[in-house]
Structures are given as C-alpha cells and as structure tokens.
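The values are calculated or read from the model by the stated rules, or taken from the named source; none is laboratory data. Values in this document were obtained by computation on a predicted structure and should not be read as measured data. Cβ sites come from the backbone with ideal geometry, for glycine too, and all protein chains shown count toward neighbours. Surface accessibility is based on the protein's heavy atoms, side chains included, excluding ligands, DNA and RNA. Shrake-Rupley method; radii C 1.70, N 1.55, O 1.52, S 1.80 Å.
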Amino acid sequence: MRKTGKVLSLLLTGALALGLTACGNSDSGTGSEGASGGSSGDKVTITFQNIYPDPTTPTYKMIRQIVDSYQKEHPNVEIALDTLNTDQQKLKLKTQAASREIPDITIVNPSAQMKPYVDAGLLAPLDDILDQDGLRDTYQEGLLDYYSKDNKVYALPDGNNIEVGYYNKALFAKAGIDAPPATFEELLADVKKLKAAGITPIAIGEKDSWTGSFLFMNILLRTNGGPGFLQDVADGKKTFNDPAFVEAVDAFQQLVQAGAFPEGATSIDATAGGNMFRTGQAAMFFIGTWETGANDSSTVGKDVGVFKFPTVNGKGNPDEFMLAPGSAFAVSANSEHLAETKDFLKYFATNYPKVSFELKNAVGLGQKVEGDFSAAGYSPLAIEVLDMFKNIKGGDLSFDNTMNPAVSQVHLSSIQNLFVQQVDPKQVAAEHQAAFEANP
C-alpha cells in the first residue's frame with residue numbers, strides 16, 4: 001500500500017535539482033496539429049477542474065497564463081476553468097463520478113485515492129502524450145508510478161513535496177521568541193507565549209479536514225520513532241491501539257487545548273487558513289512546501305522562516321518528513337473531446353515547470369526544473385527549503401494516500417472532531433481500529 005522508500009529516493013535524487021532537463025517553451029511540440037485537425041476548426045470547450053482558487057498565489061497566475069497562451073494558439077478551443085478548494089473539489093468529483101460525468105480534466109491524488117476512479121474506468125491512460133516529445137522524461141524518476149495502474153499512467157502530478165513549519169519572525173519577536181521550536185515542549189511553550197501576546201499561534205483551515213490530518217501525521221511520525229506506522233497496521237504488525245498512536249492523539253490534543261489554532265478552525269477553509277498566515281494574523285503554518293512561493297510573495301514574505309517538525313517527547317528524527325507526492329491532472333475517459341483535451345494537457349504539463357520557475361514558484365515540483373534558483377532571484381526562504389530536500393532521511397505518505405477511502409474518512413472526521421471537543425485518545429484509537437477492521 002505504501003512506497004515510502006520510493007518517495008524518499010525521488011526526493012533525494014530528483015527533486016529540485018538546480019540545473020536539470022530543459023522544459024519546453026510554449027511553442028514546443030504539443031501534438032496540436034492532429035488534435036486541432038480532428039476538430040475541423042469547430043469550437044471546442046474543455047472543462048478544467050482545478051484547486052488553485054486564491055488570486056494572490058503564483059499557482060493561480062500560472063494556470064491562467066498557460067491557458068491564455070494555449071487559447072491564443074488554438075482559437076477554436078476554450079478552456080473553462082472550474083476552480084475549487086481541495087475538499088470542495090474532492091467532494092464534487094465524487095458526485096460527478098457517481099453519474100460517470102467527470103470533467104474533461106480533473107484533479108486526483110496518488111495511490112489509494114486515485115484507485116477507485118481508475119477501477120471504475122473513468123480515467124483515460126496518458127502514456128500516449130507522455131511518450132511524445134520527451135514529456136515522460138521531465139518527471140522525476142519513479143514519480144509517475146504513484147499515478148499508475150497495470151503499467152499505465154492515469155494522472156500527471158503537479159508536485160513532490162514535504163511538510164514543514166513556516167513561521168513569522170516578526171511575530172515571534174513580538175512574543176519574545178528568538179528561534180523556532182526544536183521540541184514539542186518548546187512548541188507548546190511558544191503557543192502559550194504567542195497567545196499571551198494576542199497572536200494566533202498556528203494558522204489552519206480545518207473545514208478542509210486534510211489539513212489537521214497532515215499535522216497529526218507529523219506527530220505520529222515522531223511518536224512512532226520513525227516511518228512505517230500505517231504500513232505496520234496494514235501488515236498486521238500493529239493496531240491503531242498501539243501506544244505510539246495514542247500518544248500522537250494526546251499530543252495533538254495538547255495543541256488544541258493550549259489554544260494553538262484559531263477560534264472556529266473547523267469553519268475556516270484551507271485557503272482562508274493559509275491567508276491568515278500570509279497576512280500576519282498567525283505566527284506559524286504547518287503545510288507542504290508547495291506553499292513556499294505563496295508565502296514568499298505575500299505581505300509578510302520578508303519575515304517568513306522555515307523549520308522542521310520538532311521531536312515529540314524526545315522521539316523522532318527532524319530529517320524525516322511527511323512526504324507528499326502532489327495532486328495530479330487526470331483526463332476523463334468519456335470526454336467528448338478526448339484528443340483536444342489530451343493535447344491541451346500535454347501543452348500544460350510541458351510548460352508548467354517553465355512558467356512556475358518564472359513565477360518564483362518552482363519549489364516542490366514533480367518535474368525537473370531548468371535554471372539556477374539563486375541566480376533567478378529566489379528568496380533565502382526558497383533556498384533554505386531546497387536545502388532541506390538534500391537531507392531527507394525518510395518519511396511517510398499522508399493517511400488518505402495510504403489507507404482505503406472508507407478508513408481515511410473515519411480518520412479525517414475523527415481528527416477534525418478533536419478541534420471541537422476533547423476526547424479520550426484511547427477512544428480515538430479504538431475508532432480508527434474499528435474502521436480498519438470493518439473496511440479490509
């Protein structure tokens with residue numbers, strides 16, 4: 001179920017190299033002649049469901065820049081953007097899949113989350129466009145395996161990231177804190193100092209329940225003393241009643257009870273949660289490195305630093321991370337304009353690294369990036385994040401990329417509930433174990 005070693009290898013050997021395989025320019029071969037010719041010039045509309053809703057971020061600008069460029073070169077094609085936040089998109093896609101009417105291009109996540117859509121025959125294989133003009137070779141070696149089944153690739157990933165802690169140095173100084181926390185005890189102490197100074201300690205948007213799960217999994221990675229807890233559960237070597245899991249729930253609740261998160265966190269979506277940090281309303285933000293560019297370009301960018309998740313009760317190695325192969329672009333097998341849709345996706349994927357690099361948002365991409373980050377004016381924050389990738393010692397995939405959807409939903413709801421009420425950690429563990437046993 002898990003391929004942690006492979007993710008680690010990808011991050012160590014391929015991610016974020018400073019001078020790698022060249023990415024195509026906007027006029028590079030896209031196979032457009034065949035696709036456009038097939039439409040005989042008739043007007044074609046392609047629906048592109050995406051998860052880049054925040055106009056202040058580089059990803060929002062990137063998708064529109066590439067879409068605009070393609071439409072100018074292909075005047076008979078209109079790309080209709082259906083822009084949602086992550087949880088909205090997941091829910092909408094499930095509803096669309098139930099009626100077998102998914103958008104021409106949509107977003108899926110790797111491994112366990114993608115599998116039901118492939119098994120239902122809803123996604124088109126993409127090997128034909130990957131095998132044109134060297135597109136396959138632009139991806140970090142082995143990364144496409146997470147988006148494959150039966151030796152066919154069904155989605156093209158947008159990133160390959162780790163989760164880190166971003167912090168606002170100015171707000172830390174205001175609260176009398178001179179360095180980011182290296183231990184969980186220090187993290188709790190910092191939370192209390194920030195609260196006393198009238199500052200929200202940690203930004204989060206737990207209306208989108210994956211955010212709390214990502215933070216929780218960092219804690220579990222530490223209390224377990226390293227990666228592999230979920231794999232051990234899957235293999236029958238451990239249960240969710242294991243002390244490491246109970247300890248992780250207890251530590252997470254300590255953060256909640258200390259007032260680490262904003263009031264009404266479960267009514268704040270992920271975009272709004274991130275903006276709390278980017279507008280100076282919160283001092284810390286635990287999220288994937290895909291947010292580096294957005295943090296850099298925000299109003300507090302000059303004050304943002306980054307740190308590794310701390311040890312918990314003396315356990316864990318800070319150089320082990322939550323590993324996050326990115327969300328990915330998939331094509332509907334039932335698209336009425338399959339050739340044109342694939343042609344556009346190939347164009348998009350070909351230009352994605354180049355445009356992202358130009359927008360100072362190429363930290364954490366799943367494709368190889370051409371260019372010298374320092375010479376291109378990337379910030380000290382971006383360079384520090386890039387350096388973290390060089391020292392990764394291991395890690396785990398997210399819960400919902402590891403366990404099947406039914407177990408994952410119980411997990412997401414259970415962690416979300418901790419923001420609302422205090423629960424016996426052993427009861428939370430028992431809920432997880434019951435869900436795992438009921439959904440083999």
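Here are the numbers:
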| quantity | calculated |
| --- | --- |
| Modelled FRET efficiency - R0 30 Å, ALA430 with SER267, Cβ distances, 0.05 increments | 0.60 |
| Largest to smallest accessible area among ILE219, ILE268 [probe 1.4 Å] | ILE268, ILE219 |
| 10 Å Cβ shell holding at most 13 others, DSSP loop, GluC sites (Glu not before Pro): longest site-free stretch of the chain | 142-262 |
| The chain - accessible surface per residue (Å², probe 1.4 Å) | 37 |
| If the convex hull is drawn through the Cα atoms of the chain, its volume per residue in Å³ | 127 |
| The chain: angle of helix 4-13 to the longest principal axis, Cα-based, in degrees nearest 10 | 70 |
| Distance between modelled label sites at GLN422 and ALA120, nm, 7 Å Cα→Cβ extension | 4.2 |
| Length gained when the stretch GLU384-GLU78 is fully extended (0.36 nm per residue, less Cα-Cα span) | 106.2 nm |
| Value of relative contact order over the chain, rounded to a whole percent, pairs C-alpha under 8 Å and six or more apart | 31 |
| Quarter of Cα convex hull surface for the stretch 156-294, i.e. mean projection, nm² | 9.4 |
| Given the chain, longest segment not containing exposed loop trypsin sites (Lys or Arg not before Pro) (DSSP; at most 13 other Cβ within 10 Å) | 238-389 |
